[in-house]
Amino acid sequence: MDLLLNLTVNGLATGMLIFLLAAGLTLIFGLMSVLNFAHGGLFAWGAFSGVFFYGVTGSFLISVIGAVLTGIVLGFITEKLIIKPVYGNHVQQILITLGFMLVLSEMLKVVFGPNQIAAKTPDYLSGSWEAGGVILIKYRLFIILVGLLVFAVVQFILKRTKIGLIVRAGVLNKEMVQALGIDINKVFLYVFMAGAALAALAGALMAPYSGVVYAEMGLEFAILAFIVVVIGGMGSFPGSLLAAILVGLAGSYMAYFVPSLSLAVNMILMAVVLIFRPQGLFTAKEA
Amino acid sequence: MSRLLTLENVHTHIGQYHILQGVSLTAEEGEVTVLLGRNGAGKTTTLRTIMGLNPATSGTIHYGGQDITKLPTFSIANGGIGYVPEDQAVFTTLTVEENLKVAMRKEDEAAMARQDYVLTLFPDLKKFWKKEGGHLSGGQKQMLAMARAFVNDNRLMLIDEPSKGLAPIVIESVMEAIREMKKQTTIILVEQNFSMAAGVGDTYTLIDDGETVQSGRMEDLVRDEELKRTYLGIA
C-alpha cells in the first residue's frame, strides 16, 4: 500500500509537470489551430533560465519568475517572427516550428555551453515528510500543488473573465469574434505568450525535479506533451490535465512493475484512447 | 437623410474565384436596404466584403464618410457595424448570457440598459439565459444572433437571410424584431423571401452574377413584374 501511494505521488508530480507543458500547447492549438513544435524549446529555455536566475539571485521564487518572464519574451518573439506568417497552414507550421525548436536548443548551447548543468532544489523544498510509513517528497508535493493551482487559475480566467470568454468564443468561431469588434490577432498573441509562460514555468519546475538541465530536454518532453494533448483532446484544457495525470501515473507504475514497458506505455495509452475515442477524452468544445 | 454606406464597383476574389464583379450600392441612414438576387448571386459575399471578412480586391467602401475598404474586420465592427451571418454563428458552448457579454463593447450602465431593451425585443432569450447557444432552437439561435449584433449601439446592421430555415410563425417574430430595430438603426438585409423583403425594405439593390443590376425604391420593384421575373424568378 505504501509503495502504491509513493508511486502515485511520483506519478502525479510527473503528470503535473507534463500538464504545465501540455496546457500551453493545448491552449495554443485550441484557439489558434497552431501546431507548435517549438514549445519544447520554450520549456528548455525556462529550465535553463530558471537555473541561471537561481544561481545569480539564490532565490527560487525569483528564478521561477525570471523563467516565466523569459518564456513571455520568447513567446512574443516566436509568435511575431515564426508563427504569424504561417497561420492557417499546418504543414508550414510543423516545418518552421520544428526548425525553430532546433534553433532554440542550439541557442541554449551557445548561451549556456554544451554540457548539462546541475539544478538545485531550494532547501525549504528539499527532503521529505513521513506520514504513516509513506514517504512524501516535499518538492513533488510542491509540483502537484503548483499544477493544481495553475489549473484553477487558468480555469478561472477562461470561465469567469471577459478575456477568457473571448478565448472560448475564439476557439468556437474566430471569424465571428472579429466581427464583434475584437482584434483576434492580439488575442492570439496573448494566448501564445501565456502558453510560452506555462512552458517556461514547467521547465523551471522540472529543473530541480530532474536535477540537471540539458539542451535536448525540450524535444524529449515536447513529445510527452503532444501525447497528452492528443489523449486529452486537441484544445481541451481539462482534457490535458486528465491525460497528463494518466500518463504520469502509467509511467510511474510501469517503471516499477513492468520496467521494459515504461517507455512504450505512453504510446500504448494514446493508441488505446484513439481507438475508442479518436477525438480524445474531451474535445475543445466540451472544455 | 444622409448616405451612411456606399460601395463603388466592388470586386472580391475568394481564392481563385472572382465572386463580386462590380457591386455598387448605397444605404441611406434610417432605411432598410434589401439585397436581392438568386442563390449564388453574391449577396452574402457583399455583406462579408463590407465586414472585411472577404476583403475587396478593388473598388471602394465608404461608411460614414470614411474609407473602410482596407480596414481589418474588428475595426469595421468597432466603427458601429453589427453583423448577423447567414448561419447565425452563435457560440454553441457559451450560454445566452455569455454570447451577449462577449459581444458587448462596454459593460457600463448604458450598455446594461441597452441589453435590457434588446431582451424586450427577444423575450425568449431571457427565458433561456443560462442555456448554451447550441441547445437553442433555430429561431432562438436567430434571435440570439440578432440580439448579439444589436446589443451594441450600432449605426448599421448587416443581416443575412434571417428567415432561412425558420417556421412561418418564427419568421413573423423575426420580422417584428427587424421592424423594431429599424426605428433605431440602418439595416442592410439579405432576404430570399420576397414578400418579407418587400414588407420591411425601403430600397433594394438587385445583384446578379456578382454585379449590381439595378437599385431603387422597394415600391417600384413591387410593381415591376418584368424585373422580378427576370432576376428573382417570381412570376
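Modelled label positions at A:Glu175 and B:His13, each set 7 Å beyond Cα in the direction of Cβ, lie 1.9 nm from each other. Note the per residue figure in Å³ for the convex hull of the C-alpha positions in the stretch A:2-214. About 131 Å³ per residue, rounded to a whole number.
Here chain B was treated as a single set of alpha-carbon atoms; its pair distances binned every 10 Å from 0 give 8, 33, 37, 19, 3, 0 percent. The spacing between the stretch B:117-184 and the stretch B:28-92, judged by their C-alpha centroids, is 19 Å.
Net charge near A:Phe76: determine it from the other residues with C-beta under 13 Å of the C-beta of A:Phe76, scoring Lys and Arg +1 and Asp and Glu -1. List each step's numbers first, then the result.
On the way: positive: A:Lys80, A:Lys84, A:Lys186; negative: A:Glu79.
Net local charge, A:Phe76 excluded: +2.
Over the C-alpha trace of the protein assembly as shown, radius of gyration and Dmax come out as 27.9, 93 angstrom.
The lysine pair count for the stretch A:2-214, using Cα distances under 30 Å and pairs eight or more places apart or on different chains, is 17. Bridgeable lysines around B:Lys228 (alpha carbons under 27 Å apart, same-chain partners fewer than 8 residues away excluded): B:Lys43, B:Lys164, B:Lys182. Please give the net charge around B:Phe128, taking every other residue with its beta carbon less than 11 angstrom from that of B:Phe128, where Lys and Arg add +1 and Asp and Glu add -1. Local charge sum for B:Phe128: +2.
About the Cα centre, and with charges only on the beta carbon of Lys, Arg (+1) and Asp, Glu (-1), how big is the dipole of the protein assembly as shown? Nearest 20 debye, please. Show your work: numbers first, answer last.
Numbers: 38 positive and 41 negative charges, 224 e Å.
Using Cβ point charges on Lys, Arg, Asp and Glu, the protein assembly as shown gives about 1080 debye.
Note on the stretch B:93-201: Cα-Cα pairs beyond 22 Å make up 28% of the total pair count.
Relative contact order for the stretch B:91-153 using alpha-carbon pairs under 8 Å, separation at least 6, rounded to a whole percent? Could the numbers behind the result be given before it?
Values: 63 pairs, mean separation 34.8, N = 63.
Relative CO of the stretch B:91-153 lands at 55 percent.
Against the main long axis of the alpha-carbon atoms of chain B, helix B:138-150 sits at an angle near 90°. I want to check a number: in the stretch B:91-153, how many lysine pairs have alpha carbons closer than 16 Å, given a sequence separation of 8 or more or different chains? Lysine pairs, 8 or more places apart or on different chains, close enough: 8.
Rule-based calculations on the coordinates, nothing more; no lab input. Because the structure is a prediction, the values reported are computed rather than measured. As a convention, Cβ positions derive from the backbone with ideal geometry for all residues, glycine included, and neighbour counts pool all protein chains shown.
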